[in-house]
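The values are calculated or read from the model by the stated rules, or taken from the named source; none is laboratory data. In this text the structure is predicted, and so the values were computed from the model without any measurement. Heads up, the Cβs are rebuilt from the backbone with ideal geometry, glycines too, and the neighbour counts pull from every protein chain shown.
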Amino acid sequence: MNSLLSKQNLRKIGRWCGWAAALLLLFTMLTGYGITEFRIVTRLTFGVLGKATSQKLHHYTDIPLLIFLVAHIGLALWGRLNRRVKARYDKP
């Protein structure tokens, strides 16, 4: 039976949260740079990210980044601690 909380699914969810956090971090850095150096970023993004747009998007990425990062770290630590506790009790 393959449930949602199986080891493989938790690893996949943790990996996806990690990749989402990494992409959001890069996007947050890009929009942060777009706030300070808006002339360069506006040219590089063909006018999509101006100073005002960068500031709005930068403001909205804080909470999702923290959620994905905490989920990634939490799932990784939970899996590691689960393996360590299981190994301790499985020894003869």
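Within segment 30-40, take every residue that is part of a helix (DSSP H, G or I) and either over 23 Å from the mean Cα position of the chain (by Cα) or among the aromatic types (F, W, Y) (or both) and give me the one that is nearest to D62 (Cα to Cα).
Only one residue tops the list, namely Y33.
With the requirement that a residue be surrounded by 11 or more Cβ atoms within 10 Å (Cβ to Cβ) and among the aromatic types (F, W, Y), what does segment 1-53 give you?
W16, W19, F27, Y33, F38
Which residues, taken from segment 50-65, are outside any helix (DSSP H, G or I) and modelled with pLDDT under 90?
Matches in segment 50-65: G50 only.
Looking for whichever is out of contact with any Lys or Arg (no Cβ under 9 Å at 6 or more places or on another chain), in a loop (DSSP other than H, G, I, E, B) and among the aromatic types (F, W, Y) here; the options are F27, F46, F68. Which one fits?
One residue alone meets the criteria, F46.
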